[in-house]
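Each remark here refers to the structure printed beneath this line.
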């Protein structure tokens, strides 16, 4: 059975950084996992470019090239009114305390029927509405 999962920004940042850290190795394993169908969002691509250029991990040109490469390899889902409404439900709710931006990430995963979301920024193994958030760097 193929698992549908959402990849958050930080996983891509580690996967494409210019070193061979253990997190890079694990990030690459996560995004190339067999029997998985990975999606991400326009928001993630924008965050990737912003973070990698701001932190000088990649040049602006490299960041854009990688984002365009990700766009070719993954399904990229849009931020639309359905995602926005779900994000506001999450952000304003009591199930989970997350930032507005993380609410949009979780909503994108839920609206697109993912069962897993890979992120380093959120609580590991937190379940929300049929989605489980996993930190791949804690999976061993």
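The values are calculated or read from the model by the stated rules, or taken from the named source; none is laboratory data. The model shown is predicted, which means the values in this text are computed figures rather than measured ones. No Cβ is skipped: glycine too gets one built from the backbone with ideal geometry, and neighbour counts run over all protein chains shown.
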Which condition does residue 113 not pass, out of (1) surrounded by fewer than 18 Cβ atoms within 10 Å (Cβ to Cβ); (2) in a loop (DSSP other than H, G, I, E, B); (3) modelled with pLDDT under 95, if it passes all the others? (3)
Hey, any hits in the range 118-127 for a residue that's in a loop (DSSP other than H, G, I, E, B), touching a residue at least 24 places away in the same chain (Cβ under 8 Å) and farther than 14 Å from residue 11 by Cβ? yes
With 106, 132 as the choices, which residue is part of a strand (DSSP E or B) and either under 19 Å from residue 36 (Cα atoms) or in contact with a strand residue (DSSP E or B) (Cβ under 8 Å, 6 or more places away or on another chain) (or both)? 132
Residue check for residue 91: at pLDDT below 95 and part of a strand (DSSP E or B): no
